[in-house]
Amino acid sequence: MSTARQTLRLAVVPVTIGEARRFVEREHSHHHAPLGGLFACGVAADGRLCCVAIVSRPVARKLDAQGATAEVTRLASDGTRHAASMCLAAATRGALALGWRRIVSYTILGETGATYLAAGWRITGLVIPREEGHGWNSRAGRTVIQSTAKVRWETGPDALPLDAEAAAECAAAVGVVDVPARPEVLPLLRGVA
């Protein structure tokens, strides 16, 4: 019996925002699908969709007001090796080709960020909730999904420089800080296969 791993052929594939949202809802461990996006892309392993990325305008109003900044709002994978970094790199190339000069994304403090490093991104800071443990509440009535610090990653010609202190804090938090699981399924996508 051979112990060699089967080699999957990975390929970047087009996906609609709707297809990407359904995939995120099935596969993302701690976030629901965003409501929309500018564009999406995917990676298929031997023809089977195994990862998607959704690129949108920045969620943070201050970043959105700066212009020429896009955000990878979701990156979701079924765990296929190397698919996430390939998908993130494709989303980055697409955003740059469309004229976006700064691309940002966030991970939860405690995640490794290996996908972002493999795709050539850098840590540019930590984003702490106004009140630790109370989450993000910039607008009245907004649902709180997380209440933990986030790591901001960037790439592109206008990306901020590496924040070495934030990178060190991120590395120290891996495996120590719990990454919360998503508590429920969105009613909008309940039962989506």
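The values are calculated or read from the model by the stated rules, or taken from the named source; none is laboratory data. Please read all numbers here as calculations on a predicted model, not as lab measurements. So basically every Cβ, Gly included, is an ideal-geometry build from the backbone, and we count neighbours across all protein chains shown. We work out accessible area using only protein heavy atoms, side chains counted, and drop any ligands, DNA or RNA first. Shrake-Rupley method; radii C 1.70, N 1.55, O 1.52, S 1.80 Å.
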**OP:** Starting from the eigenvalues of the Cα gyration tensor, five times each then square-rooted, give me the equivalent ellipsoid semi-axes of region 1-110, largest first, whole Å.
**Re:** 27, 14, 13
Subject >> Residues with amide H under 5 Å from that of R74, placed H, sequence gap 5 or more >> reply: I54
Original post:
Under the Karplus relation 6.51 cos²θ - 1.76 cosθ + 1.60, θ = phi - 60°, what is the ordered set of whole-Hz ³J(HN,Hα) values for region 102-119, x standing for Gly and Pro?
Top reply: 9, 10, 10, 7, 9, 10, 7, 4, x, 7, 6, x, 4, 4, 5, 4, 5, 8
Subject >> Charge tally in the Cβ shell below 15 Å around Q66, where Lys, Arg are +1 and Asp, Glu are -1, Q66 excluded >> reply: +2
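Rank by packing, highest mean first: peptides 168-175, 150-157, 50-57, with packing defined as the count of other Cβ atoms within 10 Å averaged across residues.
50-57, 150-157, 168-175
Summarise the accessible area of region 46-115 (1.4 Å probe, protein heavy atoms) by the percent that is carbon and sulfur.
Carbon with sulfur: 54 percent of the solvent-accessible area.
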